[in-house]
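K.L.:
Before we start, here is the structure in question, set down as structure tokens.
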Amino acid sequence: MDQTQEPSQGRSFVLGLQHLLAMYSGAVAVPILIGNALHFNSEQLTYLVSIDIFMCGLATLLQLLRNRYFGIGLPVVLGCAIQAVAPLEMIGQKYSIGTMYGSIIVAGGFVFLIAGVFSKIKRLFPPVVTGTLITTIGLTLIPVGIQNLGGGSATAKDFGDPKNLLVGCVTILVIVALQAFAKGFIASISILIGLIVGTLLAACLGMVSLTPVSEAAWLHFPQFFYFGLPKFEWSSSLTMMIIALVSMVESTGVFFALGDLLGKDITEDDLKRGYRAEGLAQIFGGLFNTFPYTTFSQNVGLLQLSGIRSKRPIYWTAGLLMAMGLLPKVGALVTVIPTAVLGGAMVVMFSSIAVQGIKMLLKVDFSDNHNLLIVAISLGLGLGVSVYPTIFQALPSELQLFLENGIVIASISSVLLNLIFKGKKDWTKNNFCN
């Protein structure tokens, strides 16, 4: 398929479904983790998961609908910020559920208000920094895919079970085979076909249960303040503002990755609108008693593999997410896909993100040892922190929330080293005279 043409609505639906399946496990993981930590009953947890999925669709729509105030207008999918899990659990357990949602609302307003100022960081992201950041995003996500391929939890007794490895590897092989030998539309939906084949094989091996579908309700509607009115406490709000900054840094890398993929220059105005959309999504998350929402990087890898750069499939993704949020039984159908199958697809997608970053780094002059050091040190620090985030355990908890994210560390390192090595004059020239 010619990637410059708009796919038909039928094909866009299938491509949109593929994007949904790629992000679904990450989206539902946050409400499940937090709901269990706060001892929600089954009715509360069912509501939380369903409305969270609805909000993922609404948040995605806010980014797609570009206007003069918000929306970056790129083919992006938004989901729950996984880095928010630990602090939200802490706030909910130490204070209350209302305090947890109050802090999310405050953080969303904070993101919306500082979007214009934060968008100035574009000047700090020449190719050597952007390429390093995108490569780090991909490389830090790959272990997540491998962990899922093994079964999900590395401490579980069945982790690495031959059945998990079999269905995960078959999923990878199907995707690779379709990418290598299929053409056009079939190649563009290789991830979706791989997930279907992997799930069918898992069903034959007794790894699929339809119990979640039979137990789910038919219909749910979003409600403001379902778990109670928000409460505001300064330290909780500050904590979630720090998490919001982390998400903004990650989203910046995703926006630049998409710009490179689409051949589009990402301007300060684009970044500002993108940040504002995420801020609005977080505010709605607090109002509907769900979570902070941020741009999902795994869907960038899917765009790379499918070759389809249009926003039309993402509109379908947003619509499907919202429909599934209102129809829990339909949403539960997606949960029957085994974790190992999803892991196989994740390994392919996350690796593609890393390779895209490497492609960007090919534009960098590595005969300049300064560029070599920027990439080497930043990648090393970013990956090292991702493997051992506990290295900062002796620091204050507020700093830990910010520093234990490898992507953030790689961003800070590459930006600072670029400024140090290139100097203010060279940096100004690179960013204002091109």
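K.L.:
Which of the trypsin sites (Lys or Arg not before Pro) found in the range 12-118 are in a DSSP loop and have at most 12 neighbouring Cβ atoms, other than their own, within 10 Å?
P.N.:
Passing sites in the range 12-118 are 68.
K.L.:
Further question: Where only protein heavy atoms count, and the probe is 1.4 Å, what is the accessible area per residue for the chain in Å²?
P.N.:
42
K.L.:
Oh, and also: At a 1.4 Å probe radius, carbon and sulfur cover how many percent of the accessible area of the chain?
P.N.:
67
K.L.:
Report the one residue of 319, 263, 300 whose Cα lies farthest in the direction of the positive end of the charge dipole of the range 245-351 (charges on C-beta: Lys and Arg +1, Asp and Glu -1; origin at the Cα centre).
P.N.:
In the range 245-351, that residue is 319.
K.L.:
I would also like to ask the following. How many percent of Cα pairs in the range 226-273 exceed 18 Å?
P.N.:
Above the 18 Å cut-off, the range 226-273 has 51 percent of its Cα pairs.
K.L.:
Tell me the net charge near residue 72. Cut-off is 11 Å between Cβ atoms, residue 72 excluded, with +1 for each Lys or Arg and -1 for each Asp or Glu.
P.N.:
Net charge in that neighbourhood comes out at +3.
K.L.:
Note down the net charge around residue 385, summing +1 for each Lys or Arg and -1 for each Asp or Glu among other residues with Cβ under 15 Å from its Cβ.
P.N.:
Spelling it out: positives minus negatives among the neighbours equals -2.
K.L.:
Here is a follow-up. Given a Förster radius of 45 Å and the C-beta distance between residue 323 and residue 117 as r, what FRET efficiency does 1/(1 + (r/R0)^6) yield to the nearest 0.05?
P.N.:
0.75
K.L.:
Between residue 355 and residue 157, how high is the FRET efficiency from 1/(1 + (r/R0)^6) when r is the Cβ-Cβ distance and R₀ = 35 Å? Nearest 0.05.
P.N.:
Computed FRET efficiency for residue 355 and residue 157: 0.50.
K.L.:
While we're here: If each of residue 269 and residue 6 carries a label point 7 Å out from its Cα toward its Cβ, how far apart are those two points in nm?
P.N.:
Taking the two extended label points, one gets 2.3 nm.
K.L.:
Roughly speaking, what % of Cα-Cα pairs in the chain are separated by over 29 Å, rounded to a whole number?
P.N.:
44
K.L.:
Scan the range 200-237 for chymotrypsin sites (Phe, Trp or Tyr not before Pro) in coil per DSSP, keeping those whose Cβ has at most 11 other Cβ atoms within 10 Å, and list them by number.
P.N.:
Sites meeting the loop and neighbour criteria: 218, 224.
K.L.:
Moving to a separate point now. At a Cα cut-off below 29 Å, give the lysines reachable from residue 264, other chains included and same-chain residues fewer than 8 away excluded.
P.N.:
120, 122, 183, 272, 311, 359, 363, 422, 424, 425, 429
K.L.:
Once whole DSSP H runs in the chain are found, which of them have Cα atoms spread over 30 Å or more along the helix axis and a mean Kyte-Doolittle score of at least 0.0?
P.N.:
Once both thresholds are applied, what remains is 9-37, 42-64, 97-118, 127-149, 234-262, 339-361.
The values are calculated or read from the model by the stated rules, or taken from the named source; none is laboratory data. Quantities reported herein were computed from a predicted structural model and do not represent experimental measurements. With ideal geometry, Cβ positions are generated from the backbone for all residues, glycine too; neighbour counts draw on all protein chains shown. Quick note on the areas: whole protein, heavy atoms, side chains included, nothing else; ligands and nucleic acids left out. Shrake-Rupley method; radii C 1.70, N 1.55, O 1.52, S 1.80 Å.
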